[in-house]
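A short worksheet on the structure shown next.
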Amino acid sequence: MQIPIYQVDAFTSKVFAGNPAAVCPLEQWLDAPTMQSIAAENNLAETAFFVRLGQGGYDLRWFTPTVEVPLCGHATIATAWVIRNYMGDQTDPLRFQSKSGELQVATQGDRLSLNFPALPPQRCQPHERLIDGLGTQPLEVMSASYYLAVFATEQDVLDLQPNFDILATLDKIGVIATAPGTDVDFVSRFFAPKAGINEDPVCGSAHCTLTPYWSKRLGKMKLTARQVSRRGGELWCENLGERILIAGHVAPYLVGSIEV
């Protein structure tokens with residue numbers, strides 16, 4: 001069986017930056033072990049698979065190299081770009097059914113904008129090994145789907161050298177490190193060794209937690225963000241209350257097919 005595959009870099013306007021995602025259109029669902037094997041073979045942060053439901057509507061699933069995840073931002077924006085540019089579906093917004101409910105992707109000028117659920121963080125008692133895993137003490141730790149470790153400066157986040165073996169033992173699948181930005185509202189990094197991704201280059205789902213946190217702290221509904229990983233990425237976020245918007249650019253990289 002031949003399956004089309006597209007690879008695009010999300011949350012960037014140039015290749016070799018942002019977060020690469022593989023996107024595989026399917027006529028019907030493959031079994032989960034096969035999709036997991038394809039994702040492992042691709043060895044990217046996420047591989048997205050989708051099945052068309054009708055004009056503008058799709059079922060969507062995401063796999064890291066080791067697990068299926070319930071929510072992924074960069075592979076969703078990548079999927080929407082593929083559907084618009086290679087599938088010819090110009091419906092606006094596109095609608096995706098997922099394990100996190102309905103997600104929408106709309107055009108926003110020259111960007112695509114995700115409409116995702118807000119996941120605001122709460123104060124918490126962190127796992128006893130979180131600080132050891134980060135290698136330094138943050139100002140505060142909160143949590144939602146992921147831990148949120150808040151630092152004083154952008155340089156503090158850049159200087160982090162996590163112990164991924166320790167972070168992989170935590171009770172949450174990922175850890176967000178964040179601080180005020182020097183030329184954007186906030187910066188972040190995201191570590192998820194428990195999901196087979198030591199550092200995710202640009203994590204859209206992390207901004208479901210980052211956006212409400214920084215919106216409340218800064219008193220702003222619209223925010224600019226940068227993920228300061230080695231590849232880096234830019235995001236434009238808006239707090240809508242129970243939902244958030246996360247916008248970014250996409251740069252195409254590869255078109256091909258795989259055989260399974």
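Data for the structure
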| quantity | calculated |
| --- | --- |
| Neighbours by Cβ (under 9 Å, 6+ apart or cross-chain): first from segment 77-100, among the aromatic types (F, W, Y); second part of a helix (DSSP H, G or I) | F96/T76; F96/T79; F96/A80 |
| Total residues in segment 174-184, condition touching a residue at least 40 places away in the same chain (Cβ under 8 Å) and touching a helix residue (DSSP H, G or I) at 6+ places or on another chain (Cβ under 7 Å) | 3 |
| Selection count, segment 25-59, where residues are among the acidic types (D, E) and either under 26 Å from V202 (Cβ atoms) or not in a loop (DSSP other than H, G, I, E, B) (or both) | 3 |
| Qualifying residue in segment 100-119 (condition: part of a loop (DSSP other than H, G, I, E, B), closer than 27 Å to R217 by Cα, out of contact with any Cys (no Cβ under 8 Å at 6 or more places or on another chain) and not hydrophobic (A, V, I, L, M, F, W, C)) | yes |
| Selection from segment 25-48 of residues that are more than 24 Å from E199 (Cβ to Cβ) and touching a strand residue (DSSP E or B) at 6+ places or on another chain (Cβ under 9 Å) | P25, L26, E27, Q28, W29, L30, A32 |
| Single residue of V8, V15, V69 found to be loosely packed, with under 15 Cβ neighbours inside 10 Å, in the same structural domain as D89 (by TED's automatic domain parsing), in contact with a strand residue (DSSP E or B) (Cβ under 6 Å, 6 or more places away or on another chain) and within 19 Å of G233 (Cβ to Cβ) | V15 |
| Every residue from segment 161-179 that is over 26 Å from P70 (Cβ atoms) and buried (at least 18 other Cβ atoms within 10 Å of the Cβ) | A179 |
| Single residue of segment 107-122 satisfying the filter (within 21 Å of L210 (Cα to Cα) and out of contact with any helix residue (DSSP H, G or I) (no Cβ under 7 Å at 6 or more places or on another chain)) that is modelled with the lowest pLDDT | Q108 |
| Where a residue in segment 185-209 is buried (at least 22 other Cβ atoms within 10 Å of the Cβ) and its partner, wherever it lies, is among the acidic types (D, E), with Cβ under 7 Å and at least six apart | V187/E154; R189/E199; F190/E199; F190/D200; F191/E199; A192/D200 |
| Every residue from segment 213-260 that is in contact with a helix residue (DSSP H, G or I) (Cβ under 8 Å, 6 or more places away or on another chain) and not in a strand (DSSP E or B) | K220, M221, V228, V260 |
| Candidate set: segment 125-166, residues that are in a helix (DSSP H, G or I) and touching a residue at least 40 places away in the same chain (Cβ under 8 Å); chosen: the one nearest to R230 (Cα to Cα) | L158 |
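The values are calculated or read from the model by the stated rules, or taken from the named source; none is laboratory data. Note that the structure is predicted; figures quoted are calculated from it, not measured. Heads up, the Cβs are rebuilt from the backbone with ideal geometry, glycines too, and the neighbour counts pull from every protein chain shown.
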